[in-house]
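In what follows, a structure is listed as structure tokens, so that the remarks can point back to it.
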Amino acid sequence: MTTALERLPKTCAHGSHRGGRSIYGPENTMFNYRKAVNEAKTEVLEIDLHLTNDGHIVLHHDDSIASTSNGARSIANSSLSDLREYDYAYRYKQANKGGEDPDIINGGQMHIPTLTDVLDEFSTSHPNLIFFFDMKSLSAVAPAFLEIKKRNIENRVIFGALDANINKEVLKHVDSLAIKIPVTVDVSTMLSLYGAYVSGKFETVKIEHDLLGFHLDDTSSRLNKQLFDAIHDRGKKIAVFGAWLNEPANQVQMIQLGADIIMCDRPDILR
């Protein structure tokens with residue numbers, strides 16, 4: 001069975017970071033996921049996973065809902081029904097004076113979605129869509145693996161976790177499976193690998209992960225074709241993230257360097 005990375009297009013894949021964010025729409029909501037998948041035709045949908053105290057996997061970047069909603073609850077200390085009392089387009093509406101889209105202005109509250117919501121809607125209807133799970137809590141790792149095994153979509157999922165401890169837990173679960181699932185590098189390991197490249201030791205350093213990532217908020221000055229070629233020579237793929245990629249010229253630069261996935265906050269201008 002092919003893995004999610006093997007299913008990527010030969011050219012750079014279109015990825016939607018949190019389903020799109022910033023002025024694109026309220027991040028990690030079904031509204032944005034639908035826009036990214038159905039309108040922008042994204043090929044990789046990146047979502048952030050937490051676990052509630054009653055066992056539901058919900059999709060949100062931060063530990064607290066204060067960054068997106070009109071609430072301030074901790075996800076880990078809340079039930080799904082607690083979390084669904086709030087509007088997850090609230091901060092977006094404030095920042096964008098209601099937003100450009102009348103569906104956001106007039107659509108009432110947007111609930112926090114669950115992993116079940118997303119997979120129910122997209123896993124069958126869009127059979128080529130790749131799901132990128134950014135694990136934000138240790139407790140969500142085991143339930144997430146159970147969910148993808150139940151749906152038999154192991155070949156359509158990429159896992160990642162910026163936190164090293166969560167990432168190690170993901171690797172443990174992957175090692176226990178008969179089917180290979182790609183895992184993206186954590187921050188501290190990526191820094192070590194980049195240091196190995198700078199010091200001329202990259203060819204011999206051990207690399208456990210399948211996908212290496214670079215976060216770009218304001219510059220790409222540390223990236224070059226030689227670095228990307230060295231990563232590809234080790235049989236690894238490259239993903240780039242960050243607000244810097246919202247400019248089309250910067251996207252073109254990353255494609256020319258050889259990025260395999262661009263995770264953009266603006267899926268509408270990545271095409």
| query | Any idea of Arg151's accessible area? Nearest 10 Å², probe 1.4 Å. | reply | 60 Å²
| query | Separation of segment 1-49 and segment 199-271 by C-alpha centroid, Å? | reply | 17 Å
| query | Among the aspartates and glutamates, which fall within straight-line cross-link reach of Lys10, defined as a Cα-Cα distance under 17 Å, with same-chain neighbours fewer than 8 residues apart omitted? | reply | Glu43, Asp210, Asp229, Asp233, Asp260
| Lys201 accessible area, assembled protein chains, probe 1.4 Å, Å² | 130 Å²
| At a Förster radius of 22 Å, what calculated FRET efficiency corresponds to the Cβ-Cβ distance of Asn77 and Asp163, to the nearest 0.05? | 0.75
| field | Accessible surface ranking that places the most exposed of Asp233, Asp120, Asp210 first, with a 1.4 angstrom probe | value | Asp233, Asp120, Asp210
| said: Counting C-alpha atoms alone, how compact is the chain: give Rg to one decimal and Dmax as a whole number, in angstrom. | reply: 18.1, 57
| request: With a 1.4 Å probe and all protein chains in place, put Ile262, Ile255 in order of accessible area, largest first. | output: Ile255, Ile262
| task | Quickly estimate the mean residue ellipticity at 222 nm for the chain, helices only: each DSSP H run with n ≥ 4 gives -39500 (n - 2.57), and the total goes over all residues, rounded to 500. | result | -8500 deg cm²/dmol
| Among Gly242, Gly200, Gly20, whose mean-square fluctuation peaks in a Gaussian network model of the chain (Cα, cutoff 10 Å)? | Gly200
| said: Which three numbers, in whole Å and largest first, are the semi-axes of the equivalent ellipsoid of segment 9-58 derived from its Cα gyration tensor as √(5λ)? | reply: 23, 14, 9
| field | Nonlocal amide H pairs with Ile181, under 5 Å, H built at 1.01 Å | value | none
| Just the accessible area for Ser176, please: 1.4 Å probe, Å², rounded to the nearest 10? | 90 Å²
| request: Output the pairs from Lys41/Lys93; Lys35/Lys206; Lys150/Lys225; Lys93/Lys149 with a Cα-Cα distance over 31 Å in this structure; if there are none, say none. | output: Lys35/Lys206; Lys150/Lys225; Lys93/Lys149
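The values are calculated or read from the model by the stated rules, or taken from the named source; none is laboratory data. Predicted, not measured: the structure shown is a model, and the values here were computed from it. Note: ideal-geometry Cβ built from the backbone for every residue, glycine included; neighbour counts use all protein chains shown. These area figures cover heavy atoms from the full protein model, side chains too; ligands, DNA and RNA do not enter into them. Shrake-Rupley method; radii C 1.70, N 1.55, O 1.52, S 1.80 Å.
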